[in-house]
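Engineer: Below: one structure in C-alpha coordinates.
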Amino acid sequence: MFLIVSYAGILLSVVAMYASRNIVLIGSAYVGLNFFSAASAPAANLLVMQSWKRQEWSSVYGYYLFLGSMGGVVGLVLSALWTVFLPLYTLLLPLIIFSVVATALAATSLRVEAIPVERRAILLDKSSFLHRVTLNPSFYLRVPRADDFKRISKMLRNAFTRPTPILYISLLVFNLGSGIFNTAFNPSLYVRHVTESLVFGVNIFSMLIQGFTMRRSGDLIPEGSERRAAQRGLVYRAAGYLATAASVNYLVSLPLAVTAALSFALAGGYAYSLVYVSLTMLVFRTLPPTRQGGLLGVVSALSGIGAFTGSLLSGALAEKIGYTPTDIVAAALMLSTMVILRVGFNEKNTHI
(Lines give C-alpha, C1' and ligand atoms only; values in the text may rest on other atoms or scores of the structure.)
Protein backbone atom coordinates (compact mmCIF):
# COMPACT_ATOMS: atom_id res chain seq x y z
CA MET A 1 0.00 0.00 0.00
CA PHE A 2 2.79 2.43 0.89
CA LEU A 3 4.42 1.86 -2.51
CA ILE A 4 1.11 2.50 -4.29
CA VAL A 5 0.59 5.72 -2.33
CA SER A 6 4.13 6.84 -3.19
CA TYR A 7 3.60 6.23 -6.91
CA ALA A 8 0.26 8.04 -6.76
CA GLY A 9 2.01 10.96 -5.03
CA ILE A 10 4.59 11.07 -7.82
CA LEU A 11 1.78 11.12 -10.38
CA LEU A 12 -0.04 13.98 -8.64
CA SER A 13 3.20 15.95 -8.31
CA VAL A 14 3.99 15.63 -12.02
CA VAL A 15 0.44 16.63 -12.95
CA ALA A 16 0.71 19.65 -10.64
CA MET A 17 3.99 20.68 -12.28
CA TYR A 18 2.43 20.48 -15.75
CA ALA A 19 -0.67 22.44 -14.70
CA SER A 20 1.24 25.18 -12.86
CA ARG A 21 2.59 28.33 -14.47
CA ASN A 22 3.81 29.95 -11.25
CA ILE A 23 7.41 29.28 -10.23
CA VAL A 24 6.44 28.90 -6.56
CA LEU A 25 3.80 26.28 -7.39
CA ILE A 26 6.17 24.47 -9.75
CA GLY A 27 8.85 24.45 -7.05
CA SER A 28 6.40 23.13 -4.47
CA ALA A 29 5.26 20.37 -6.83
CA TYR A 30 8.90 19.47 -7.50
CA VAL A 31 9.52 19.17 -3.76
CA GLY A 32 6.56 16.80 -3.57
CA LEU A 33 7.94 14.82 -6.50
CA ASN A 34 11.28 14.38 -4.75
CA PHE A 35 9.59 13.50 -1.46
CA PHE A 36 7.47 10.72 -2.93
CA SER A 37 10.33 9.47 -5.11
CA ALA A 38 12.58 9.16 -2.07
CA ALA A 39 9.80 7.54 -0.05
CA SER A 40 9.10 4.89 -2.69
CA ALA A 41 12.69 3.61 -2.84
CA PRO A 42 12.90 1.96 0.63
CA ALA A 43 9.47 0.39 0.15
CA ALA A 44 10.47 -1.10 -3.19
CA ASN A 45 13.79 -2.28 -1.76
CA LEU A 46 12.14 -4.05 1.15
CA LEU A 47 9.57 -5.62 -1.14
CA VAL A 48 12.38 -7.10 -3.22
CA MET A 49 14.12 -8.42 -0.10
CA GLN A 50 10.98 -10.00 1.30
CA SER A 51 10.13 -11.71 -1.98
CA TRP A 52 13.34 -13.72 -2.35
CA LYS A 53 15.63 -15.90 -0.26
CA ARG A 54 18.55 -14.22 1.44
CA GLN A 55 21.03 -16.19 -0.69
CA GLU A 56 19.58 -14.57 -3.82
CA TRP A 57 19.38 -11.02 -2.50
CA SER A 58 22.45 -9.60 -4.24
CA SER A 59 21.62 -11.03 -7.68
CA VAL A 60 17.90 -10.19 -7.53
CA TYR A 61 18.45 -6.73 -6.07
CA GLY A 62 21.21 -6.09 -8.59
CA TYR A 63 18.87 -7.03 -11.44
CA TYR A 64 16.21 -4.70 -9.99
CA LEU A 65 18.74 -1.85 -9.91
CA PHE A 66 19.93 -2.78 -13.40
CA LEU A 67 16.42 -2.29 -14.78
CA GLY A 68 16.16 1.06 -13.00
CA SER A 69 19.54 2.16 -14.32
CA MET A 70 18.68 1.17 -17.90
CA GLY A 71 15.38 3.01 -17.57
CA GLY A 72 17.33 6.07 -16.48
CA VAL A 73 19.64 5.85 -19.48
CA VAL A 74 16.77 5.49 -21.94
CA GLY A 75 14.90 8.32 -20.22
CA LEU A 76 17.87 10.68 -20.43
CA VAL A 77 18.43 9.97 -24.13
CA LEU A 78 14.75 10.34 -25.00
CA SER A 79 14.41 13.53 -22.97
CA ALA A 80 17.43 15.05 -24.72
CA LEU A 81 15.92 14.26 -28.12
CA TRP A 82 12.47 15.45 -26.99
CA THR A 83 13.68 18.90 -25.98
CA VAL A 84 15.37 19.38 -29.35
CA PHE A 85 12.03 19.35 -31.14
CA LEU A 86 9.44 20.25 -28.47
CA PRO A 87 9.12 22.76 -25.61
CA LEU A 88 10.61 21.65 -22.31
CA TYR A 89 7.35 21.73 -20.35
CA THR A 90 5.78 19.18 -22.73
CA LEU A 91 8.28 16.63 -21.44
CA LEU A 92 6.01 16.26 -18.42
CA LEU A 93 3.33 14.63 -20.60
CA PRO A 94 5.16 11.30 -21.07
CA LEU A 95 6.13 11.45 -17.39
CA ILE A 96 2.44 11.61 -16.51
CA ILE A 97 1.76 8.58 -18.72
CA PHE A 98 4.62 6.59 -17.16
CA SER A 99 3.43 7.54 -13.66
CA VAL A 100 -0.10 6.38 -14.44
CA VAL A 101 1.22 3.06 -15.75
CA ALA A 102 3.49 2.56 -12.72
CA THR A 103 0.69 3.34 -10.26
CA ALA A 104 -1.73 1.04 -12.08
CA LEU A 105 0.78 -1.81 -12.21
CA ALA A 106 1.54 -1.43 -8.50
CA ALA A 107 -2.16 -1.32 -7.61
CA THR A 108 -3.03 -4.41 -9.68
CA SER A 109 0.05 -6.59 -9.15
CA LEU A 110 0.92 -6.04 -5.48
CA ARG A 111 -1.23 -8.11 -3.20
CA VAL A 112 -1.25 -8.62 0.56
CA GLU A 113 -0.93 -12.32 1.33
CA ALA A 114 -3.93 -13.95 2.94
CA ILE A 115 -3.63 -14.56 6.67
CA PRO A 116 -2.83 -18.25 7.32
CA VAL A 117 -5.44 -20.25 9.26
CA GLU A 118 -3.21 -20.67 12.29
CA ARG A 119 -2.89 -16.87 12.59
CA ARG A 120 -6.58 -16.05 12.45
CA ALA A 121 -6.86 -16.54 16.19
CA ILE A 122 -4.73 -13.42 16.59
CA LEU A 123 -7.68 -11.36 15.38
CA LEU A 124 -9.80 -12.55 18.28
CA ASP A 125 -7.64 -10.78 20.84
CA LYS A 126 -6.96 -7.04 20.56
CA SER A 127 -3.61 -7.04 22.38
CA SER A 128 -2.34 -10.00 20.34
CA PHE A 129 -3.44 -8.33 17.13
CA LEU A 130 -1.73 -5.03 17.96
CA HIS A 131 1.45 -6.89 18.92
CA ARG A 132 1.39 -8.79 15.63
CA VAL A 133 0.94 -5.54 13.70
CA THR A 134 4.08 -4.09 15.31
CA LEU A 135 6.02 -7.13 14.10
CA ASN A 136 4.62 -7.09 10.56
CA PRO A 137 7.35 -5.96 8.13
CA SER A 138 4.66 -4.41 5.92
CA PHE A 139 4.34 -1.59 8.46
CA TYR A 140 8.01 -0.75 8.45
CA LEU A 141 8.37 2.77 7.14
CA ARG A 142 7.72 5.94 9.13
CA VAL A 143 9.36 9.23 9.96
CA PRO A 144 12.17 8.62 12.48
CA ARG A 145 11.54 9.96 15.95
CA ALA A 146 14.00 11.31 18.49
CA ASP A 147 13.81 7.96 20.28
CA ASP A 148 15.14 6.22 17.18
CA PHE A 149 18.25 8.39 17.15
CA LYS A 150 18.65 7.88 20.90
CA ARG A 151 18.48 4.16 20.28
CA ILE A 152 21.33 4.46 17.77
CA SER A 153 23.36 6.31 20.41
CA LYS A 154 22.72 3.51 22.93
CA MET A 155 23.68 0.88 20.37
CA LEU A 156 27.02 2.62 19.88
CA ARG A 157 27.81 2.12 23.56
CA ASN A 158 27.13 -1.62 23.41
CA ALA A 159 29.88 -3.76 21.87
CA PHE A 160 27.38 -6.32 20.57
CA THR A 161 25.09 -3.83 18.81
CA ARG A 162 27.80 -1.31 17.83
CA PRO A 163 28.31 -2.61 14.24
CA THR A 164 24.82 -1.47 13.21
CA PRO A 165 25.25 2.27 13.98
CA ILE A 166 28.80 2.04 12.61
CA LEU A 167 27.27 0.90 9.32
CA TYR A 168 24.87 3.86 9.38
CA ILE A 169 27.74 6.28 10.05
CA SER A 170 29.62 4.83 7.08
CA LEU A 171 26.55 5.52 4.92
CA LEU A 172 26.54 9.12 6.14
CA VAL A 173 30.20 9.62 5.24
CA PHE A 174 29.79 7.81 1.90
CA ASN A 175 26.87 10.01 0.87
CA LEU A 176 28.72 13.12 2.05
CA GLY A 177 31.69 12.34 -0.20
CA SER A 178 29.45 11.31 -3.09
CA GLY A 179 27.48 14.54 -2.79
CA ILE A 180 30.67 16.58 -2.94
CA PHE A 181 32.04 14.83 -6.03
CA ASN A 182 28.78 14.44 -7.98
CA THR A 183 27.88 18.12 -7.57
CA ALA A 184 31.31 19.29 -8.74
CA PHE A 185 31.82 16.80 -11.57
CA ASN A 186 29.88 18.35 -14.46
CA PRO A 187 30.86 21.99 -13.70
CA SER A 188 34.51 20.93 -13.49
CA LEU A 189 34.27 19.65 -17.07
CA TYR A 190 32.45 22.75 -18.35
CA VAL A 191 35.12 25.13 -17.05
CA ARG A 192 37.75 23.05 -18.88
CA HIS A 193 35.98 23.54 -22.23
CA VAL A 194 34.18 20.21 -22.48
CA THR A 195 30.99 20.68 -24.51
CA GLU A 196 27.55 19.87 -23.13
CA SER A 197 27.10 16.97 -25.56
CA LEU A 198 30.36 15.40 -24.43
CA VAL A 199 29.43 15.81 -20.75
CA PHE A 200 26.10 14.17 -21.52
CA GLY A 201 27.92 11.28 -23.19
CA VAL A 202 30.26 10.88 -20.22
CA ASN A 203 27.31 10.56 -17.85
CA ILE A 204 25.46 8.11 -20.11
CA PHE A 205 28.56 5.93 -20.40
CA SER A 206 28.93 5.86 -16.61
CA MET A 207 25.27 4.91 -16.15
CA LEU A 208 25.64 2.04 -18.64
CA ILE A 209 28.66 0.67 -16.78
CA GLN A 210 26.78 1.09 -13.51
CA GLY A 211 23.75 -0.79 -14.80
CA PHE A 212 25.67 -3.75 -16.22
CA THR A 213 27.76 -4.00 -13.03
CA MET A 214 24.58 -4.14 -10.98
CA ARG A 215 23.30 -6.86 -13.30
CA ARG A 216 26.34 -8.98 -12.36
CA SER A 217 26.27 -8.11 -8.66
CA GLY A 218 25.28 -11.69 -7.76
CA ASP A 219 28.65 -12.88 -9.10
CA LEU A 220 30.63 -9.91 -7.84
CA ILE A 221 29.14 -9.94 -4.32
CA PRO A 222 28.78 -13.52 -3.01
CA GLU A 223 26.67 -14.01 0.10
CA GLY A 224 28.59 -13.13 3.26
CA SER A 225 31.20 -11.00 1.46
CA GLU A 226 29.25 -7.73 1.39
CA ARG A 227 31.65 -5.84 3.63
CA ARG A 228 34.70 -6.87 1.61
CA ALA A 229 32.91 -5.99 -1.64
CA ALA A 230 31.96 -2.56 -0.24
CA GLN A 231 35.55 -1.92 0.86
CA ARG A 232 36.84 -2.90 -2.57
CA GLY A 233 34.29 -0.64 -4.23
CA LEU A 234 35.23 2.27 -1.98
CA VAL A 235 38.91 1.94 -2.91
CA TYR A 236 37.98 1.90 -6.62
CA ARG A 237 35.70 4.88 -6.11
CA ALA A 238 38.47 6.85 -4.41
CA ALA A 239 40.84 5.92 -7.25
CA GLY A 240 38.28 7.14 -9.80
CA TYR A 241 37.89 10.41 -7.93
CA LEU A 242 41.67 10.95 -7.84
CA ALA A 243 41.99 10.13 -11.54
CA THR A 244 39.27 12.67 -12.28
CA ALA A 245 41.06 15.27 -10.13
CA ALA A 246 44.27 14.75 -12.08
CA SER A 247 42.46 14.89 -15.42
CA VAL A 248 40.66 18.13 -14.54
CA ASN A 249 43.96 19.64 -13.47
CA TYR A 250 46.01 18.75 -16.54
CA LEU A 251 43.64 18.18 -19.49
CA VAL A 252 41.04 20.16 -21.44
CA SER A 253 38.33 19.59 -24.02
CA LEU A 254 38.15 16.18 -25.76
CA PRO A 255 41.13 14.51 -23.98
CA LEU A 256 39.55 15.49 -20.65
CA ALA A 257 36.18 14.11 -21.75
CA VAL A 258 37.73 10.73 -22.65
CA THR A 259 39.70 10.35 -19.43
CA ALA A 260 36.79 11.64 -17.34
CA ALA A 261 34.51 9.09 -18.99
CA LEU A 262 36.85 6.28 -17.96
CA SER A 263 37.46 7.55 -14.42
CA PHE A 264 33.76 8.33 -13.85
CA ALA A 265 32.81 4.91 -15.24
CA LEU A 266 35.09 3.42 -12.57
CA ALA A 267 33.93 5.66 -9.73
CA GLY A 268 30.29 6.29 -10.58
CA GLY A 269 29.67 3.07 -12.49
CA TYR A 270 31.53 -0.06 -11.38
CA ALA A 271 32.57 1.09 -7.90
CA TYR A 272 29.25 2.71 -7.05
CA SER A 273 27.40 -0.49 -7.95
CA LEU A 274 29.60 -2.56 -5.64
CA VAL A 275 29.26 -0.13 -2.75
CA TYR A 276 25.54 0.62 -3.08
CA VAL A 277 24.41 -2.99 -3.46
CA SER A 278 26.72 -4.22 -0.68
CA LEU A 279 25.76 -1.53 1.84
CA THR A 280 22.06 -2.00 1.09
CA MET A 281 22.41 -5.74 1.69
CA LEU A 282 24.15 -5.07 5.00
CA VAL A 283 21.49 -2.57 6.09
CA PHE A 284 18.68 -5.06 5.54
CA ARG A 285 20.63 -7.88 7.16
CA THR A 286 21.17 -5.83 10.31
CA LEU A 287 17.56 -4.67 10.73
CA PRO A 288 16.04 -6.14 13.89
CA PRO A 289 12.51 -7.46 13.19
CA THR A 290 10.75 -5.15 15.66
CA ARG A 291 12.55 -1.91 14.74
CA GLN A 292 12.49 -1.82 10.97
CA GLY A 293 10.45 1.36 10.70
CA GLY A 294 12.51 3.57 12.93
CA LEU A 295 15.91 2.33 11.81
CA LEU A 296 15.09 2.54 8.12
CA GLY A 297 13.92 6.07 8.80
CA VAL A 298 17.26 6.81 10.44
CA VAL A 299 19.15 5.31 7.47
CA SER A 300 17.16 7.40 4.98
CA ALA A 301 17.61 10.53 7.08
CA LEU A 302 21.38 10.08 7.45
CA SER A 303 21.81 9.30 3.74
CA GLY A 304 19.79 12.37 2.78
CA ILE A 305 21.66 14.59 5.21
CA GLY A 306 24.99 13.35 3.87
CA ALA A 307 24.07 13.91 0.21
CA PHE A 308 22.51 17.33 0.87
CA THR A 309 25.41 18.52 3.02
CA GLY A 310 27.88 17.24 0.46
CA SER A 311 26.16 19.19 -2.30
CA LEU A 312 26.32 22.37 -0.24
CA LEU A 313 29.96 21.85 0.70
CA SER A 314 30.89 21.07 -2.90
CA GLY A 315 30.02 24.54 -4.15
CA ALA A 316 31.86 26.21 -1.30
CA LEU A 317 34.95 24.01 -1.71
CA ALA A 318 35.09 24.47 -5.49
CA GLU A 319 34.83 28.23 -5.04
CA LYS A 320 37.52 28.42 -2.35
CA ILE A 321 40.07 25.77 -3.32
CA GLY A 322 39.15 24.67 -6.86
CA TYR A 323 37.74 21.53 -8.43
CA THR A 324 40.83 19.33 -8.18
CA PRO A 325 41.21 19.69 -4.38
CA THR A 326 37.43 19.22 -4.05
CA ASP A 327 37.70 15.85 -5.80
CA ILE A 328 40.60 14.91 -3.51
CA VAL A 329 38.46 15.72 -0.46
CA ALA A 330 35.73 13.44 -1.83
CA ALA A 331 38.28 10.65 -2.39
CA ALA A 332 39.51 11.04 1.20
CA LEU A 333 35.93 10.60 2.45
CA MET A 334 35.59 7.38 0.39
CA LEU A 335 38.74 6.02 2.00
CA SER A 336 37.46 7.13 5.40
CA THR A 337 34.28 5.16 4.80
CA MET A 338 36.36 2.11 3.92
CA VAL A 339 38.34 2.46 7.16
CA ILE A 340 35.14 2.83 9.20
CA LEU A 341 33.76 -0.39 7.73
CA ARG A 342 37.02 -2.27 8.09
CA VAL A 343 37.66 -1.27 11.70
CA GLY A 344 34.19 -0.85 13.17
CA PHE A 345 31.83 -3.21 11.35
CA ASN A 346 31.77 -6.95 11.97
CA GLU A 347 29.96 -8.71 9.16
CA LYS A 348 29.10 -11.65 11.42
CA ASN A 349 27.07 -9.42 13.75
CA THR A 350 23.87 -9.33 11.70
CA HIS A 351 20.24 -10.07 12.46
CA ILE A 352 19.05 -12.80 10.13
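Engineer: Just name the residue that is surrounded by the most Cβ atoms within 10 Å (Cβ to Cβ) out of those in the range 3-18 that are more than 19 Å from TYR89 (Cα to Cα) and aliphatic (A, V, I, L, M). It would help to see each step written out before you state the result.
Structural biologist: Within the range 3-18, the first condition is being more than 19 Å from TYR89 (Cα to Cα), and the residues that meet it are 3-9.
Retained after the next criterion (residues that are aliphatic (A, V, I, L, M)): 3-5, 8.
Working: LEU3: 21, ILE4: 18, VAL5: 15, ALA8: 17.
Restricting to residues being more than 19 Å from TYR89 (Cα to Cα) and aliphatic (A, V, I, L, M), the top hit is LEU3.
Engineer: Considering every residue within the range 155-164, establish whether at least one is in contact (Cβ under 8 Å) with a residue 40 or more places away in the chain, under 20 Å from SER314 (Cα atoms) and outside the structural domain of GLY71 (by TED's automatic domain parsing).
Structural biologist: Scanning the range 155-164, I find no residue that is in contact (Cβ under 8 Å) with a residue 40 or more places away in the chain, under 20 Å from SER314 (Cα atoms) and outside the structural domain of GLY71 (by TED's automatic domain parsing), so the answer is no.
Engineer: Picking from SER28, SER37, SER58, which residue would you name as being modelled with pLDDT of 85 or more, surrounded by 14 or more Cβ atoms within 10 Å (Cβ to Cβ) and assigned to a helix (DSSP H, G or I)? Outline the logic, then answer.
Structural biologist: Numbers: SER37 fails: modelled with pLDDT of 85 or more; SER58 fails: modelled with pLDDT of 85 or more.
Answer to the selection: SER28.
Engineer: Now for a separate question. In the range 2-46, how many residues are under 30 Å from VAL60 (Cβ atoms) and among the β-branched types (Val, Ile, Thr)?
Structural biologist: Going residue by residue through the range 2-46, those that are under 30 Å from VAL60 (Cβ atoms) are 2-11, 13-14, 33-46.
Right, trim to among the β-branched types (Val, Ile, Thr) and you get 4-5, 10, 14.
Total meeting the criteria: 4.
Engineer: Let me ask you something else. Test of understanding: among LEU296, LEU274, LEU242, LEU282, which residue is more than 21 Å from ARG215 (Cβ to Cβ) and either touching a Lys or Arg at 6+ places or on another chain (Cβ under 9 Å) or free of Cβ contacts under 8 Å to residues at least 24 places away in the same chain (or both)?
Structural biologist: On the way: LEU274 fails: more than 21 Å from ARG215 (Cβ to Cβ); LEU242 fails: either touching a Lys or Arg at 6+ places or on another chain (Cβ under 9 Å) or free of Cβ contacts under 8 Å to residues at least 24 places away in the same chain (or both); LEU282 fails: more than 21 Å from ARG215 (Cβ to Cβ).
Testing whether each residue is more than 21 Å from ARG215 (Cβ to Cβ) and either touching a Lys or Arg at 6+ places or on another chain (Cβ under 9 Å) or free of Cβ contacts under 8 Å to residues at least 24 places away in the same chain (or both) leaves just LEU296.
Engineer: Evaluate the following for SER188: is it in the same structural domain as ILE340 (by TED's automatic domain parsing), part of a helix (DSSP H, G or I), closer than 25 Å to THR326 by Cα and without any contact (Cβ under 8 Å) to a residue 24 or more places away in the chain? Spell out the reasoning first.
Structural biologist: Working: in the same structural domain as ILE340 (by TED's automatic domain parsing): yes; part of a helix (DSSP H, G or I): yes; closer than 25 Å to THR326 by Cα: yes; without any contact (Cβ under 8 Å) to a residue 24 or more places away in the chain: no.
Here the answer is no, as SER188 does not meet what is asked.
Engineer: Still on this structure: Against the condition surrounded by fewer than 23 Cβ atoms within 10 Å (Cβ to Cβ), touching a helix residue (DSSP H, G or I) at 6+ places or on another chain (Cβ under 9 Å) and not aliphatic (A, V, I, L, M), how does TYR241 come out, does it pass?
Structural biologist: No; evaluated as a whole, the condition is false for this residue.
Engineer: Output yes when any residue across the range 191-202 is modelled with pLDDT of 80 or more, crowded, with 21+ Cβ neighbours inside 10 Å and more than 21 Å from the chain's Cα centre (by Cα), and no when none is.
Structural biologist: Here is the first cut: in the range 191-202, the residues modelled with pLDDT of 80 or more are 191-202.
Checking the rest, the ones that are also crowded, with 21+ Cβ neighbours inside 10 Å come to 194, 202.
Filter once more, keeping what is more than 21 Å from the chain's Cα centre (by Cα): 194.
Yes; the residues of the range 191-202 include at least one that is modelled with pLDDT of 80 or more, crowded, with 21+ Cβ neighbours inside 10 Å and more than 21 Å from the chain's Cα centre (by Cα).
Engineer: Check off (1) crowded, with 19+ Cβ neighbours inside 10 Å; (2) more than 14 Å from GLY177 (Cα to Cα); (3) modelled with pLDDT under 95 for GLY310 and give me the number that stays unchecked.
Structural biologist: (2)
The values are calculated or read from the model by the stated rules, or taken from the named source; none is laboratory data. In this text, all values refer to a predicted model and were calculated from it rather than measured experimentally. Cβ sites come from the backbone with ideal geometry, for glycine too, and all protein chains shown count toward neighbours.
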